[in-house]
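The values are calculated or read from the model by the stated rules, or taken from the named source; none is laboratory data. What you see is a predicted model; the values in this text were computed from it and never measured. Every residue, glycine among them, receives a Cβ derived from its backbone with ideal geometry; neighbour counts consider all protein chains shown.
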Amino acid sequence: MSLKRSLKLAFLKVGALYHNSRDSRVLYYHDIHSAASFTDMSTPIELFEKHIDALREKGYKVVDEIKSEKGEVELTFDDGFRGLYENFDFFIENSIPVKLFLVTDFIGKDGYLSKIEIDEMLRTKLLKVESHGTSHTNLDTLKKRDLVFELQDSKKRLEDLFGMEIEEICFPRGRFSEMVLAEARKAGYIKMYSSLPGPYHKRFRERLIFRSLVQHADESEFDAILRGGDQIYFSRYLKMHYTEESPV
Ligand SMILES: [Zn+2]
């Protein structure tokens, strides 16, 4: 293990000791692969299986929407890469619900899921799709008019494509501002997923959901994150992802 990674694990463990909770939380990934991967953010299926085993051993329930304050986990995937479809049998065999945040411009592109593949996964009732914007642009860099377009266009296009209501959004690269939050609420989003670590029921802003990145977490890191270890990095992530003001 590299020095940087050992250090990160040490901090995660300190955070886990400090928080040491069984709070329900949202975990996020980008893709899963068993053969070739479509992105370097992808998780090998063997590692993903270890995460699922760990959740079972620790008595966590994987749910499609968290309700309980403790012991529940929601699994989310960003961007819409194809590996999820290629490995979806694992989800079916183990009845694992998953939420996928789609970038509408990426659907059907090379390395990304097609409408047919998404439809097939939707039919299992294990998959839910929500918005990740139209073009994966950092929303906090956009002027109001372009921001409103990203929020409304992705919502409407997904609703037309899949015939369901889209009420949740995940901010591209986790980036948001006060204007992004306000306009997303106005566009009708009832949940906005961030990349800030924290328990599901805790709010930094109204309707803003915390998430923990676990795509490359080994068993010790995963265990520490599940206990709230990554919350030690909250201010660092906040600085990277949140700006109060964005262009008007
Ligand atoms: Zn993304």
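Only one residue in His33, His19 is modelled with pLDDT of 90 or more, over 22 Å from Arg173 (Cβ atoms) and buried (at least 16 other Cβ atoms within 10 Å of the Cβ). Which one? Don't jump to the end; show me each part of the working.
Numbers: His33 fails: over 22 Å from Arg173 (Cβ atoms).
Criteria check complete, one pass: His19.
Filtered by the rule that a residue be touching a Leu at 6+ places or on another chain (Cβ under 7 Å) and within 17 Å of Cys170 (Cα to Cα), region 100-127 gives Leu100, Leu102, Thr104, Ile107, Leu127. Please find, within region 38-57, the residue that is nearest to Phe106 (Cα to Cα) out of those that are within 16 Å of the ligand (Cβ to nearest atom) and buried (at least 18 other Cβ atoms within 10 Å of the Cβ). Among those residues, the one meeting the criterion is Phe38. Among the conditions (1) within 30 Å of Gln152 (Cβ to Cβ); (2) touching a strand residue (DSSP E or B) at 6+ places or on another chain (Cβ under 7 Å), the only one that Gly188 does not satisfy is (2).
Is it true that some residue in region 136-153 is within 16 Å of the ligand (Cβ to nearest atom), within 26 Å of Val63 (Cβ to Cβ) and either touching a Ser or Thr at 6+ places or on another chain (Cβ under 9 Å) or in contact (Cβ under 8 Å) with a residue 40 or more places away in the chain (or both)?
No, region 136-153 has no match at all.
Considering region 173-190, and only residues there that are surrounded by fewer than 23 Cβ atoms within 10 Å (Cβ to Cβ), under 20 Å from the mean Cα position of the chain (by Cα) and in contact (Cβ under 8 Å) with a residue 40 or more places away in the chain, the residue that is farthest from Asp23 (Cα to Cα) turns out to be Ser177.
Taking region 213-231 as the range and being within 15 Å of Asn20 (Cα to Cα) and either free of Cβ contacts under 8 Å to residues at least 60 places away in the same chain or surrounded by 19 or more Cβ atoms within 10 Å (Cβ to Cβ) (or both) as the test, the residues that pass are Glu221, Phe222, Ala224, Ile225, Leu226, Arg227, Gly228, Gly229, Asp230, Gln231.
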